[in-house]
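The values are calculated or read from the model by the stated rules, or taken from the named source; none is laboratory data. Keep in mind the model is a prediction, meaning the values are calculated, not measured. Don't worry about glycine lacking a Cβ; one is built from the backbone with ideal geometry, like all the others, and counts go over all protein chains shown. Heads up: the accessible areas ignore ligands, DNA and RNA and are worked out on the full protein's heavy atoms, side chains in. Shrake-Rupley method; radii C 1.70, N 1.55, O 1.52, S 1.80 Å.
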Amino acid sequence: MTRTDQPRGVRTDPKGRVLISGAGIAGPALAFWLNRYGYAVTVVEKAPAPRGGGYPIDVRGTALEVVSRMGILPRLREAHVDLRRLTFLDADGSEVTSLHPHHVTGGVAGRDLEVRRGDLSDALYTAVRDDVEFVFNDSVDTLDQFGPGVDVTFRRGGSRTFDLVFAADGLHSSTREMLFGPEEQFHHYLGYCFAVFTMRNTFGLSRETVMWNSPGRAAALYAAGDNDEVHAFLNFAQREPPFGAFLDPETQRDLVAAAFAGAGWEVPGMLAALRDAEDLFFDAVSQIRVPRWSSGRVALVGDAAWAPSFLTGQGTSLALVGAYMLAASLADRDHTAGFAAYEQDTREFVTVNQNLVAKGGATLFPTTPQALEERNNRLRKLSAVPSGKGRPAHSALTLPPRRV
């Protein structure tokens with residue numbers, strides 16, 4: 001195990017020594033709060049550095065209070081993308097309607113945030129890097145729980161013992177698999193696969209998204225700013241999750257190309273760009289549903305625990321809120337009582353937001369001609385001005401007070 005980014009002030013008498021697997025969103029947020037509550041924290045991440053780039057993500061509802069309490073809200077306000085228009089196109093490329101994105105997302109103009117994922121990741125990392133040990137280019141290889149702790153061996157060699165371990169390593173969490181078994185038993189597939197990548201902005205788009213639909217297929221171009229790149233997005237209905245494609249980029253490219261064969265609009269150019277894209281991200285649209293979020297001294301958080309899917313628009317917000325709630329539950333309790341409180345206080349909020357998936361799928365990705373026409377008619381009737389109320393699920397949990 002190779003250590004990097006040693007914290008400046010190592011606690012000489014910590015409440016406990018903990019390991020967090022994953023340095024995406026939930027991991028650094030959890031590290032921030034556990035450090036504040038007196039724990040000595042190590043974060044291990046398989047990537048060689050904090051991950052930049054990525055599709056823009058939303059922070060809304062209760063999660064805004066979390067980032068405010070962390071002190072990073074002003075920085076995120078400066079990084080706000082301020083997407084201004086969402087245009088839907090029919091299969092022949094004709095315009096269905098053009099409206100404000102908050103009509104679809106349930107966001108609130110002037111309050112909710114949309115930032116590039118890399119900007120949020122960097123803000124979280126900067127907020128905690130001086131107080132927490134980060135180990136990059138490594139991962140958990142085995143876990144062995146015993147009475148007073150957890151023995152952990154690492155992929156690059158070496159082993160250490162921690163009082164607690166947290167899995168924050170995403171939808172396909174290997175740490176969760178060590179704890180509870182294969183992913184398939186918790187993987188709730190929602191019927192779609194998607195690919196995201198960047199390509200040249202030759203379309204004159206600025207702070208807007210244009211989405212083309214035919215039954216079971218959607219293609220979108222997302223311009224987060226005025227630069228010369230756009231995020232390309234291709235989503236298609238697929239009866240079964242293609243587990244064999246998840247680790248093979250060429251199989252992923254072939255699968256997407258086959259799904260969009262014969263598609264119109266800008267799709268042929270998007271498929272050509274897909275072949276050369278160096279930042280392709282492909283996955284199934286899925287949720288994780290685990291009966292319990294902890295076992296012994298190991299607990300799950302973020303997508304490793306619940307992965308609401310991008311159809312809800314709440315993946316990032318749930319990661320931030322879940323990390324806060326988990327750490328708060330351990331502030332003045334032992335792990336047994338703390339993990340129980342974490343589930344009791346957080347699961348209903350997660351479930352309410354996971355249930356937003358039906359609304360997201362129906363709005364964005366109809367799978368039949370009739371459903372697509374019904375979707376288009378609903379979009380045409382939306383008011384020109386967002387309601388400003390947001391969705392109740394986004395703020396359905398009130399945070400407990402900070403303990404420090």
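The combined condition, being in contact (Cβ under 8 Å) with a residue 60 or more places away in the chain, among the acidic types (Asp, Glu) and either assigned to a loop (DSSP other than H, G, I, E, B) or under 30 Å from residue 154 (Cβ atoms) (or both), is not fulfilled by residue 58. Filtering region 320-356 to residues that are touching a residue at least 24 places away in the same chain (Cβ under 8 Å), surrounded by fewer than 24 Cβ atoms within 10 Å (Cβ to Cβ) and not in a helix (DSSP H, G or I) leaves 331, 332, 355, 356. Every test in (1) at pLDDT below 95; (2) in contact with a strand residue (DSSP E or B) (Cβ under 9 Å, 6 or more places away or on another chain); (3) not basic (Lys, Arg) is passed by residue 173 save one, and that test is (1). Could you tell me which residue of region 291-303 is farthest from residue 166 (Cα to Cα), considering only residues that are open to solvent by 10 Å² or more (accessible area, probe 1.4 Å) and part of a loop (DSSP other than H, G, I, E, B)? Among those that are open to solvent by 10 Å² or more (accessible area, probe 1.4 Å) and part of a loop (DSSP other than H, G, I, E, B), it is 291.
For region 68-80, the set of residues classified as open to solvent by 20 Å² or more (accessible area, probe 1.4 Å) and either aromatic (Phe, Trp, Tyr) or part of a helix (DSSP H, G or I) (or both) consists of 68, 69, 73, 74, 75, 77, 78, listed by residue number. Filtered by the rule that a residue be under 16 Å from residue 175 (Cα atoms) and under 13 Å from the mean Cα position of the chain (by Cα), region 270-324 gives 288, 301, 302, 303, 304, 305, 306, 307. Taking the listed residues 207, 176, 217, the one that is closer than 30 Å to residue 64 by Cβ, crowded, with 18+ Cβ neighbours inside 10 Å and in contact (Cβ under 8 Å) with a residue 40 or more places away in the chain is 176, with no other qualifying.
Per-residue answers, yes or no, for (1) out of contact with any strand residue (DSSP E or B) (no Cβ under 8 Å at 6 or more places or on another chain); (2) more than 21 Å from residue 197 (Cβ to Cβ); (3) of a type in the set (A, V, I, L, M); (4) in a strand (DSSP E or B):
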position	(1), (2), (3), (4)
20	no, yes, yes, yes
32	yes, yes, no, no
35	no, yes, no, no
48	no, no, no, no
52	yes, no, no, no
66	yes, yes, yes, no
82	no, yes, no, no
86	no, no, yes, yes
91	no, yes, yes, no
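Would a scan of region 197-204 turn up a residue that is of a type in the set (Phe, Trp, Tyr), under 22 Å from the mean Cα position of the chain (by Cα) and part of a strand (DSSP E or B)? Looking through region 197-204, at least one residue is of a type in the set (Phe, Trp, Tyr), under 22 Å from the mean Cα position of the chain (by Cα) and part of a strand (DSSP E or B). Within region 145-173, the set of residues being among the aliphatic types (A, V, I, L, M) and either open to solvent by 60 Å² or more (accessible area, probe 1.4 Å) or in a strand (DSSP E or B) (or both) comprises 150, 152, 164, 165, 167. For region 220-249, filtering for residues that are part of a loop (DSSP other than H, G, I, E, B) and surrounded by fewer than 19 Cβ atoms within 10 Å (Cβ to Cβ) leaves 11. Taking region 250-277 as the range and being outside any helix (DSSP H, G or I) and free of Cβ contacts under 8 Å to residues at least 12 places away in the same chain as the test, the residues that pass are 261, 262. Under 7 Å between Cβ atoms, at least 6 apart or on separate chains: pull out the pairs that start in region 304-319 with a residue that is modelled with pLDDT of 95 or more and end on any residue that is of a type in the set (Phe, Trp, Tyr). Between residues of region 304-319 that are modelled with pLDDT of 95 or more and residues that are of a type in the set (Phe, Trp, Tyr), the close pairs are 305/293; 318/306. Restricting attention to region 119-133, the residues that are touching a strand residue (DSSP E or B) at 6+ places or on another chain (Cβ under 9 Å), open to solvent by less than 40 Å² (accessible area, probe 1.4 Å) and not β-branched (Val, Ile, Thr) add up to 4.
Scanning region 93-118 for residues that are touching a His at 6+ places or on another chain (Cβ under 9 Å) and either open to solvent by 10 Å² or more (accessible area, probe 1.4 Å) or in contact (Cβ under 8 Å) with a residue 60 or more places away in the chain (or both) turns up 106, 107, 108, 109, 112, 114. Of all residues in region 311-345, exactly one satisfies the criterion of being β-branched (Val, Ile, Thr) and in contact with a Gly (Cβ under 6 Å, 6 or more places away or on another chain), namely 312.
Does residue 60 fit the bill of being open to solvent by less than 50 Å² (accessible area, probe 1.4 Å), closer than 22 Å to residue 402 by Cα and at pLDDT below 95? For residue 60, the condition - open to solvent by less than 50 Å² (accessible area, probe 1.4 Å), closer than 22 Å to residue 402 by Cα and at pLDDT below 95 - is met.
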